[in-house]
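Student: I'd like to ask some things about the structure below.
The values are calculated or read from the model by the stated rules, or taken from the named source; none is laboratory data. Please read all numbers here as calculations on a predicted model, not as lab measurements. As a convention, Cβ positions derive from the backbone with ideal geometry for all residues, glycine included, and neighbour counts pool all protein chains shown.
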């Protein structure tokens, strides 16, 4: 079950067409990625953590990649997230509040792009707040049947894994 979920270890991060804005001076935009583990890392979605990072890195240089898990996460999942370059945050109870607070702090600190991988509409206000602060937003969905239209519509850019 975890083979595709955990992906294969890779060397570098990719950058793509979204990495530079039309008015930029040539410097790469910064991206903070926040992954809602309990809502994304489910067997029905068959998610590769490397693909999540790669899709976020298409928007610019990753300065933060955090994977939020609850206290029920297996040690193997925690280790796999760390091995793929994620800073793993294990919280008691619901991870939504911790993820939302941390994402908002990065917006306040001036990150260029906020990327949230989730299917939970609870993060819509975070994306809306980021947009009001001039931060670009990216919603990453774990698959077409796991996509939240509310998140997709709130974000300036959206990707669906596996497409």
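Student: Looking only at the stretch 129-144, decide whether some residue is modelled with pLDDT of 95 or more, under 14 Å from residue 68 (Cβ atoms) and part of a helix (DSSP H, G or I).
Tutor: No, the stretch 129-144 has no match at all.
Student: Could you list, in sequence order, all residues of the stretch 78-95 that are surrounded by 15 or more Cβ atoms within 10 Å (Cβ to Cβ) and touching a strand residue (DSSP E or B) at 6+ places or on another chain (Cβ under 7 Å)?
Tutor: 78, 81, 85, 86, 88, 89, 90, 91, 95, listed by residue number.
Student: When you go through 100, 130, 115 one by one, which is the residue that is buried (at least 17 other Cβ atoms within 10 Å of the Cβ) and within 17 Å of residue 49 (Cα to Cα)?
Tutor: Only one candidate passes the filter, namely 115.
Student: Looking only at the stretch 59-84, which residues are closer than 25 Å to residue 136 by Cβ and without any contact (Cβ under 8 Å) to a residue 60 or more places away in the chain?
Tutor: Within the stretch 59-84, 60, 61, 62, 63, 64, 65, 66, 67, 68, 81 qualify.
Student: Let me ask you something else. Test each condition in (1) without any contact (Cβ under 8 Å) to a residue 40 or more places away in the chain; (2) out of contact with any helix residue (DSSP H, G or I) (no Cβ under 7 Å at 6 or more places or on another chain); (3) within 23 Å of residue 29 (Cβ to Cβ) for residue 106 and report the one that comes out false.
Tutor: (1)
Student: Identify, by number, the condition in (1) in contact with a helix residue (DSSP H, G or I) (Cβ under 9 Å, 6 or more places away or on another chain); (2) closer than 20 Å to residue 45 by Cβ; (3) without any contact (Cβ under 8 Å) to a residue 60 or more places away in the chain that residue 147 doesn't meet.
Tutor: (1)
Student: If a residue counts only when it is farther than 20 Å from residue 160 by Cα and at pLDDT 95 or above, which helices (runs of 4 or more DSSP H) contained entirely in the stretch 1-118 have at least 2 such residues?
Tutor: Counting at least 2 such residues, we get 75-83, 96-108.
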